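**Student:** Handing you a structure now.
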Amino acid sequence: MLSELLVNVDPKELWRTFGETIYMVGFSTLFTALLGLPLGILVVLTSPGHLLQNRPVYQVLSVIINIFRSLPFVILMIMILPFTKFLVGTSLGVEAAIPPLVIGSAPFLARLVEVALREVDRGVIEMSQSMGASTWQIITRVLLPEARPAIIAGITITTVGLVGYSAMAGILGAGGLGDLAIRYGYQRFQTDVMIVTVVIIVGLVQVIQMVGDRLVLHFTRK
Amino acid sequence: MIHLQNLQKEYIVNKKSVPALKQIDLTIEKGQIFGIIGHSGAGKSTLIRCINLLEEPTQGSVIVDGVDLTRLSKKALQEERRHIGMIFQHFNLLSSATIFENIAFPLRLAKKDKGEIDRKVTELLELVGLTEHRNKYPAQLSGGQKQRVGIARALANDPKVLLCDEATSALDPMTTQSILKLLADINKKLGLTIVLITHEMQVIRDICDRVAVIDGGYIVEDGPVAEVFLSPQQPITKEFVAQVSDFEIPAELLASYGRMATDERANHRVVQVSFLGDTTFQPLMFEVLHSEDLTFNILHGTISRMKDTPYGRLVIELQGDKAVLDRSVELFRERGLDVEVML
Ligand SMILES: Nc1ncnc2c1ncn2[C@@H]1O[C@H](COP(=O)(O)OP(=O)(O)OP(=O)(O)O)[C@@H](O)[C@H]1O
Ligand SMILES: [Mg+2]
């Protein structure tokens, strides 16, 4: 019955592309966090009146973040193709999708991290200074733990966004569920493939959001 | 223990300099509880924050236990700050850390080993009476309990000095009393020097040894609490003192004195008699009033205690021959009472 309805759906192909999506989203989330977190921290710390107050650095970072955030993802992807090729040796496939995904989302995450860190009570930072904490200790023992729920929420939002972008990367032959949906669902009018991939993507987003929410709740002490 | 020398602080607001502290010279002895009182905006917080250089003075030096903090490198200052505890009006606890971890925070900053941290925090929890709350989070505690955590944390590194910026201003009167008592106990037990900021004269009266009054960035008056209390010099000091002993001559009395003829008026006098320390419990006034031919009427009276010093203040109306009144006032003074003729 079900297999009659989904006549065009090849479970093996579905499974493979799902793996690719997980791979893309997983690694790009990882690298986005590795890039976005320090970037967000640096922006906050160098902002006026903060621990490492430094106007030029702050403004340069701020402009860079804004530029990359305002570029439409598809254009960004094309623009940095040479860079991608240099980095991963190819401009096709799952690996090639990761650099643009990271560069597209890290500035976004950096802003979310910035907001999260700004929410940390100034009084607590001052308290740490009064106890002789170094800047590094304030970052690792005060700012990050205090902002942890908000940062996790930010990473969750970013990851969900990455699921969407990874599907878009399918246009440039990056593989994954998006690629499957475009090649079969759209170009060959196999509506059943389209529906199945969409359902899987929606499910994936649900799961990511749920895990994120759980973690936020787990780390919230207020 | 603390010497502030020619301390000045200016804030830069919109490229203009706003003076907050002007020519502060202050010495705070070891083991004292030193109170600083002033109105909102007088510069209290700025002053106390200059003591651990949370606020960098524009000029002058801050010497704590022989070390001029203004001359230290960033690293050396961090080290020195470990010996200066601070507690805050809004507690400033780490909301993501348990009570235990909050108290352990300064010890972890100082990279103490685990066993030592455990022992020390357990001891401090005991001292501030929070042993059973050790694994809770700050959000689960009351304001008074949070301030106890703040105090325990400030004591973790065995500081030489404890700075308290409006430590009780966010607390109700009962809790305020218990926190003040805790501070006084710690001062006695550990011989810790405490600098305390407040806008409430009651706090000064209850636990301070000395007090400085700050107004518009200047220290306008300072001295032993009892002295400042009983004979305030500056108008602003009198205003603060009035917070805890608010007496005004009743309007009826003023009116009836106004109606009196000059020679009758000469036989009436309203005096305020203050006594301090041991004289509080001696019948000095009675001796005078008994031996002289006059009558008296008590209008207002306080017998209380300033930290450990008993004191009393009576406002009495005396009636008698002018010469007798003059002599009685003299006799009061001879016996060491402070007499101020009010009317
Ligand atoms: N960071 C700052 N930047 C600019 N001006 C400041 C700053 N902090 C304090 N001031 C100014 O310095 C003066 C003294 O402020 P301070 O906070 O020391 O007062 P305070 O006596 O502690 O008052 P309160 O009882 O309200 O806490 C005020 O005029 C205030 O506006
Ligand atoms: Mg203040």
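The values are calculated or read from the model by the stated rules, or taken from the named source; none is laboratory data. Computed from a predicted model, the values in this text were never measured in an experiment. As a convention, Cβ positions derive from the backbone with ideal geometry for all residues, glycine included, and neighbour counts pool all protein chains shown. Side chains included, ligands, DNA and RNA excluded: accessible areas come from the protein's heavy atoms. Shrake-Rupley method; radii C 1.70, N 1.55, O 1.52, S 1.80 Å.
**Student:** Starting from the Kirkwood radius over alpha-carbon pairs of the range B:1-128, derive D by Stokes-Einstein at 37 °C in a medium of 0.692 mPa s and give it in µm² s⁻¹.
**Tutor:** 196 µm²/s
**Student:** Continuing with the same structure: What whole-number value in cubic angstrom gives the convex hull volume per residue for the C-alpha atoms of the range B:145-230?
**Tutor:** Given the Cα convex hull of the range B:145-230, per-residue volume reads 105 Å³.
**Student:** Output wanted: per-residue J couplings in Hz (rounded whole) for the range A:135-141, from phi through Karplus 6.51 cos²θ - 1.76 cosθ + 1.60, θ = phi - 60°, x for Gly and Pro.
**Tutor:** Along the range A:135-141, the couplings run 4, 4, 5, 5, 5, 7, 9 Hz.
**Student:** What residues in the range B:134-159 lose 40 Å² or more of accessible surface when the other protein chains are added to their chain alone (1.4 Å probe)?
**Tutor:** B:TYR137
**Student:** Now, a different point. With +1 on each Lys and Arg Cβ and -1 on each Asp and Glu Cβ, how big is the dipole of chain A about its Cα centre, in debye rounded to the nearest 20? Present the calculation step by step, with values, prior to reporting the outcome.
**Tutor:** On the way: 15 positive and 13 negative charges, 101 e Å.
Dipole size: approximately 480 debye.
**Student:** Taking R0 as 60 Å, what FRET efficiency do you get between B:ARG327 and A:PHE219 from their Cβ-Cβ distance, rounded to the nearest 0.05?
**Tutor:** Values: r = 78 Å, r/R0 = 1.31.
Step by step, r from the Cβ atoms, then E = 0.15.
**Student:** Here is a further query. Kyte-Doolittle cut-off -0.5, length cut-off 24 Å along the helix's own axis using Cα: show which whole DSSP H helices in chain A pass.
**Tutor:** On the way: long enough: A:11-46 (51 Å, 1.04); A:93-118 (38 Å, 1.17); A:144-169 (35 Å, 1.09); A:191-219 (42 Å, 1.72).
Sorted by number, the helices that extend far enough and score high enough are A:11-46, A:93-118, A:144-169, A:191-219.
**Student:** Normalised by the residues of chain B, what does the relative contact order come to in percent, with Cα pairs under 8 Å and at least six apart?
**Tutor:** This gives 17 percent for chain B.
**Student:** While we're here: Determine the per residue accessible area of chain B with all protein chains present and a 1.4 angstrom probe, expressed in square angstrom.
**Tutor:** Roughly 46 Å² per residue, with all protein chains present.
**Student:** Right, here's the next one. To the nearest 20 debye, what charge dipole does the range B:2-244 have about its Cα centre, counting +1 at the Cβ of each Lys and Arg and -1 at the Cβ of each Asp and Glu?
**Tutor:** The calculated dipole for the range B:2-244 is roughly 760 debye.
**Student:** When the gyration tensor of the range A:171-222 is built from Cα positions, what are the square roots of 5 times its three eigenvalues, in whole Å, from largest to smallest?
**Tutor:** 33, 11, 5
**Student:** With the Cα gyration tensor of the range B:251-341 in hand, convert its eigenvalues to equivalent ellipsoid semi-axes via √(5λ) and list them largest first in whole Å.
**Tutor:** 25, 16, 9
**Student:** How would you classify the range A:2-221 from its alpha-carbon gyration tensor, with a ≥ b ≥ c the square roots of the eigenvalues: rounded for a/c under 1.5, else prolate if a/b is greater than b/c, otherwise oblate?
**Tutor:** Prolate, because a/c is 1.5 or more and a/b exceeds b/c.
**Student:** With an 8 Å Cα cut-off and a minimum separation of 6 or more residues, compute the relative contact order for the range B:16-98 in percent.
**Tutor:** Reported relative contact order: 16 percent.
**Student:** If packing is taken as the average number of other Cβ atoms within 10 Å across a peptide's residues, how do B:324-333, B:141-150 rank, most packed first?
**Tutor:** Taking the mean over residues of other Cβ atoms within 10 Å, the ranking is B:141-150, B:324-333.
**Student:** In debye, nearest 20: dipole of the range B:251-341 around its Cα centre with unit charges on the Cβ of K, R (+) and D, E (-)?
**Tutor:** 280 debye
**Student:** If you don't mind, another one. Antiparallel versus total DSSP beta bridges in the protein assembly as shown: what percent is that, nearest 5? Write out the running numbers ahead of the final one.
**Tutor:** Details: 47 of 65 bridges.
DSSP beta bridges in the protein assembly as shown are roughly 70 percent antiparallel.
**Student:** Report the accessible surface area buried between chains B and A, summing both sides, using a 1.4 Å probe on protein heavy atoms only, in Å² rounded to the nearest 100.
**Tutor:** The summed interface area works out to 2000 Å².
**Student:** Take the Cα pairs of the protein assembly as shown, get the Kirkwood Rh, then feed it into Stokes-Einstein at 37 °C and 0.692 mPa s and tell me D in µm²/s.
**Tutor:** Estimated diffusion coefficient is 113 µm²/s.
**Student:** Name the residue from B:ALA110, B:ILE12, B:ILE298 whose Cα lies farthest towards the positive end of the charge dipole of chain B, charges +1 on Cβ of Lys and Arg and -1 on Cβ of Asp and Glu.
**Tutor:** Highest projection toward the positive end goes to B:ALA110.
**Student:** Determine the relative contact order of the range A:2-221: mean sequence separation of Cα pairs under 8 Å and six or more apart, normalised by residue count, in whole percent.
**Tutor:** 27 percent
**Student:** Mind grabbing the accessible area of A:ASP10 for me, 1.4 Å probe, Å², rounded to tens?
**Tutor:** 80 Å²
**Student:** Moving to a separate point now. Select from A:THR90, A:HIS218, A:PHE108 the residue farthest towards the positive end of the dipole of the range A:2-221; place +1 on Cβ of Lys and Arg, -1 on Cβ of Asp and Glu, and compute about the Cα centre.
**Tutor:** A:PHE108
**Student:** Percent of accessible area on the range B:251-341 owned by carbon and sulfur, 1.4 Å probe?
**Tutor:** On the way: 2570 of 5010 Å².
C and S atoms contribute 51 percent here.
**Student:** Add -39500 (n - 2.57) for each DSSP H run of 4 or more in chain B, then divide by its residues: what number comes out at 222 nm, to the nearest 500 deg cm²/dmol? Spell out each step's value before the answer.
**Tutor:** Numbers: 13 runs with 129 residues, N = 343.
Counting only the DSSP helices, I get -11000 deg cm²/dmol.
**Student:** Suppose only helical runs count, i.e. DSSP H with n ≥ 4. What mean residue ellipticity at 222 nm does that imply for chain A under -39500 (n - 2.57) per run, divided by all residues and rounded to the nearest 500 deg cm²/dmol?
**Tutor:** After summing the helix terms and dividing by residue count, I get -25000 deg cm²/dmol.
**Student:** Provide the FRET efficiency to the nearest 0.05 for the B:PHE281-B:GLN319 pair, computing r from the beta carbons and using R0 = 22 Å.
**Tutor:** Step by step, r from the Cβ atoms, then E = 0.25.
**Student:** Roughly what % of DSSP beta bridges within the range B:2-244 run antiparallel, to the nearest 5? Write down the numbers at each step before the final one.
**Tutor:** Numbers: 22 of 40 bridges.
Among the beta bridges of the range B:2-244, antiparallel pairing accounts for roughly 55 percent.
**Student:** In the structure displayed, which of B:LYS9/B:LYS120; B:LYS16/B:LYS146; B:LYS22/B:LYS120; B:LYS30/B:LYS146; A:LYS222/B:LYS30 lie more than 30 Å apart, Cα to Cα?
**Tutor:** Numbers: B:LYS9/B:LYS120 37 Å; B:LYS16/B:LYS146 38 Å; B:LYS22/B:LYS120 40 Å; B:LYS30/B:LYS146 27 Å; A:LYS222/B:LYS30 40 Å.
Flagged as over cut-off: B:LYS9/B:LYS120; B:LYS16/B:LYS146; B:LYS22/B:LYS120; A:LYS222/B:LYS30.
**Student:** Another one. Where does the Debye-calculated log10 I(q)/I(0) of chain B sit at q = 0.06 Å⁻¹, using only Cα point scatterers of equal weight, no solvent?
**Tutor:** Values, matching the q order: -0.30.
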